[in-house]
Amino acid sequence: MTSSDRLRSAGESAWSWTLAQVRDDDDPWLPERVEGDDPAPLPVERDMLYCGIAGLAPVLVEIGLRRDLTPAEETLRGCVVDRLQRESATTAAAGLYLGAAGHAWAIAALGGDAGATLDHLAATVGPRGWPDAEFDHNNDVIGGTAGIVMAGSQLAGPVGHEIARRGAEILLANGTTTEHGIDWPMAPEYAARMPNFSHGTAGVGAALAVAGAELGRVDLVDGAIAGTRHLLAIADLSDDGLEAPMIIPPQEDRERVTFGWCHGPTGTSYLFAALAHAGVDEVEGFTPAELRARCIRSVLRSGLPERVRPGFWDNDGRCCGTAGVGEMLLDAAQDAADPAYAAELLDAACVMADAILDRAITDDAGTRWRFVEHRNEDPLLAPNTSWMQGSAGIAAFLLRLARVLDGGLGAPAAVTPDRWWAVPAGVRVPPAG
């Protein structure tokens, strides 16, 4: 097992490299990928939680759990809040990872007033959801209604709850009744189904469950249960696991089943944590705890974090890679009632961290990672800075694991809107629910 000192050193080094990439063009912005000395272009979506400056907020929260922010970090915190407050109250993008819902969370997490951003979200919802640049409406966690519902539920208050209520009711109306329950596409125009957490039924079900719990709405929880029934009907439950297809129908250039946060049981496990949060006893004869454990079992026996074949495990980030798996294992460990099971999950999180450290690039500039796109002629990608796909998100996982190893499983957990219900209320930072 790796030491907390090594984890902390690597996390701080990765954060140092990330900070060194922050640029200024009237306000701070972060190039998503950095390689060589070529200047990166100013991204159009410079503020988003996924790969923009809002994604610096959860790292700053994590760092603040261990030490005081430096003067430079305090300055950055203030600049991020100021920028997001100014821009998010009028932005057309609404989603958790791509727009105003993520901005609202980041502002609040950094100690700012997100009221104007939440008011803007409440005012811009239409009869089928929030505006979307690509689709008539979008149901998913990344850019759509499910993620907005999660953020509203966590931020709470009258406006947060109103956002959660409106969004959850829209999700119920947008579902498709199936033989076994309810199914949600990413968007009606998108022909394929991606049933796992980020773009499909698992994420929508989780949003309905947490909104139902916060609002006292049995109908919303019932919708989450119906979504779970559909998901169980299409999943492989053999050998005490749980693996839903990545995409339906399958595509030749993609794995049939993947195991990360976005498209696999790592993310889908958060649906079952949400059902437990909502007080659901069982679905189709399984308790939520059993279903969560099945997801974890499938992840741990899949072969990751080894790159066993091209395309299987080429990413160490949060969205699709090793850091996201490690974060899920830490959440489950902190939430586990059985100390032996919690210790097993913590050990598995350390395995993920060891793989991340083994694949790190460290020099005088700091620490970063190069992921692989096996379908490219040159498969090695430039180092990524972002929360979901790069050094910022990886740094936060390494620093959190170091704190847990030092302080035990009761250590505070800095929770984002897509997972706040998955750890006990007493460890959540910022407070949620």
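The values are calculated or read from the model by the stated rules, or taken from the named source; none is laboratory data. In this text, all values refer to a predicted model and were calculated from it rather than measured experimentally. Note that we place each Cβ from the backbone using ideal geometry, even for glycine, and neighbour counts take in every protein chain shown. To get the accessible areas, we keep the full protein, side chains included, count just its heavy atoms, and leave off ligands, DNA and RNA. Shrake-Rupley method; radii C 1.70, N 1.55, O 1.52, S 1.80 Å.
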Choose one answer from 221, 22, 204: the residue with the largest mean-square fluctuation in a GNM of the chain with alpha-carbon springs under 10 Å. 22
Among 45, 32, 327, the residue with the largest mean-square fluctuation in a Gaussian network model of the chain built from Cα contacts under 10 Å is 45
I want the antiparallel fraction of DSSP beta bridges within the chain, as a percent rounded to 5. 90
Can you give the local net charge around residue 410? Use residues other than it whose beta-carbon is closer than 14 angstrom to its beta-carbon, Lys and Arg +1, Asp and Glu -1. 0
Full-extension gain in nm, residue 9 to residue 178, via 0.36 nm per residue minus C-alpha separation: 55.8 nm
Calculate, in whole percent, how much of the Cα-Cα pair population of the chain lies beyond 38 Å. 14
Given the candidates 382, 34, 328, the one whose Cα lies deepest towards the positive end of the charge dipole of the chain, counting +1 at each Lys or Arg C-beta and -1 at each Asp or Glu C-beta, is 328
By the gyration tensor of its Cα atoms, with a ≥ b ≥ c the square roots of the eigenvalues, what is the shape of the stretch 255-351: rounded for a/c under 1.5, prolate for a/b over b/c, or oblate? prolate
Can you give the net charge of the other residues whose Cβ lies under 12 Å from the Cβ of residue 150, counting K and R as +1 and D and E as -1? -2
Connecting C-alpha atoms closer than 10 Å in a GNM of the chain, tell me which of 14, 233, 353 has the biggest fluctuation. 233
Note down the net charge around residue 174, summing +1 for each Lys or Arg and -1 for each Asp or Glu among other residues with Cβ under 13 Å from its Cβ. -4
Taking protein heavy atoms only, a 1.4 Å probe, and rounding to whole percent, the accessible area of the chain owed to carbon and sulfur comes out at 51
Quick check on the chain: helices-only [θ] at 222 nm, where DSSP H runs of length 4 and up contribute -39,500 (n - 2.57) each and the sum goes over total residues. Nearest 500, please. -15000 deg cm²/dmol
Does the stretch 296-336 come out rounded, prolate or oblate by the C-alpha gyration tensor, with a ≥ b ≥ c the root eigenvalues, rounded set by a/c under 1.5 and, if not, prolate when a/b is larger than b/c and oblate if not? oblate
Tell me, what is the percent relative contact order of the chain, built from C-alpha pairs under 8 Å that lie six or more residues apart? 18
Let me check something: with ligands and nucleic acids excluded, how do 238, 153 order by accessible area (1.4 Å probe), largest to smallest? 238, 153
Full extension from residue 364 to residue 119: what is 0.36 nm times the residue separation minus their Cα-Cα distance, to one decimal in nm? 83.7 nm
